[in-house]
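Nothing in this text is a laboratory measurement; each read-out follows from the coordinates by a stated rule. Please read these numbers as outputs of a predicted model, since none were measured by experiment. All Cβ positions, glycine included, derive from the backbone under ideal geometry; neighbour counts span all protein chains shown.
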């Protein structure tokens, strides 16, 4: 079924209940401490219908003790725009493009994991900003529980030989302020899948502008590829801001210094003024990491590499631990 969506396990009443006020399908989950609203993939009415990021697990808001950690960070919304997305957005890349793109001729297909089968236009090189035509969005299946949502995306492209079953579960842990993203990618095609995936995060913590109240800490000594002018500075294992960023200003750099084990996939963003923080860890090593921030969001982007032979499966997990004072406010 092309561009399909099945809400498995939901009654008719619940299906109606997951429609957001803005018309985009959504679901709300809670564990009693944390409450999160997720947008659901839908080719006609979905909140995000761009072709850069994985359509699953988009978080509209996540609240803990009166504080919010995700939200809209961009000034102009367009469901088909490449960056009109919130929450821990994830993108799969093969090199600097997507599966089968390099070998495809103009008009032929290639595969973007988490999106589907796309058509290559006449262009000099792949660009994530390009609104590629979706030839086949695959089949999305969604299972919803009180504290979790499981997504499954099935895609097959006969021309390229790439096919996969991708699963992502967004789950709130019982008894603590923790969110877990559980992933698996099974290669059901005839060709080896070589890809990397990174989480853009797009943290929007209480809507506060990025500036000196924020710090980003890592477990290793940071080696920045470049200076971030007069906006931010690397101090040992931490990134600190020298001023509040204005609209249009970007503090960003590639980072090195991490090791070959998963223990270095561990960073913490803190808003000292509010006493809030989020720690992000994963069970796979960092392949590379890029740090990007603007006035409305700050994003450590850690890449995970994987090579999956036909019939094999790769699994990985990202964990978010949220911190907030008992009473909200400064």
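Once the Cα-Cα distance is subtracted from the 0.36 nm per residue extended length, the residue 288 to residue 223 segment shows a gain of 22.2 nm. The ranking of 256, 103 by Cβ neighbour count inside 10 Å, starting from the fewest, reads 103, 256. Over the chain, Cα pairs under 8 Å with separation of 6+ residues give a relative contact order of 16 percent. Approximating the spin labels as points 7 Å out from Cα along Cα→Cβ, the residue 159-to-residue 133 distance works out to 0.9 nm. Taking N as the residue count of segment 4-199, its C-alpha radius of gyration divided by 2.2 N^0.38 Å amounts to 1.03.
For the chain, the 222 nm mean residue ellipticity estimated from helices alone, with every DSSP H stretch of n ≥ 4 adding -39500 (n - 2.57) and the total spread over all residues, rounds to -500 deg cm²/dmol.
At a Förster radius of 22 Å, what calculated FRET efficiency corresponds to the Cβ-Cβ distance of residue 106 and residue 43, to the nearest 0.05?
Computed FRET efficiency for residue 106 and residue 43: 0.35.
Test of understanding: ordering 69, 64 by Cβ neighbours within 10 Å, fewest first, what list do you get? Intermediate results must be reported in sequence, preceding the final value.
Numbers: 69 27, 64 20.
Fewest to most other Cβ atoms nearby, the residues stand as 64, 69.
Below 8 Å between Cα atoms, with a sequence gap of 6+, how large is the relative contact order for segment 4-199 in percent?
Numbers: 472 pairs, mean separation 39.3, N = 196.
In percent, rounded to a whole number, it is 20.
Note on residue 263 and residue 72: the extension gain reaches 65.7 nm, defined as 0.36 nm multiplied by sequence separation minus the Cα-Cα distance. Ordered by the count of other Cβ atoms within 10 Å of each Cβ, fewest first, 313, 270, 90, 221 give 221, 313, 270, 90.
Could you work out the percent of alpha carbon pairs in the chain separated by over 28 Å, rounded to a whole number? Of all Cα-Cα pairs in the chain, 41 percent lie more than 28 Å apart.
Could you work out the relative contact order of segment 41-145, using alpha carbon pairs under 8 angstrom and six or more residues apart, expressed as a whole percent? Provide the component values of the computation, followed by the final result.
Working: 182 pairs, mean separation 26.0, N = 105.
Relative contact order comes out at 25 percent.
Computed FRET efficiency, Cβ-Cβ of residue 279 and residue 230, R0 41 Å: what is it to the nearest 0.05? Rounded to the nearest 0.05, the efficiency is 0.90.
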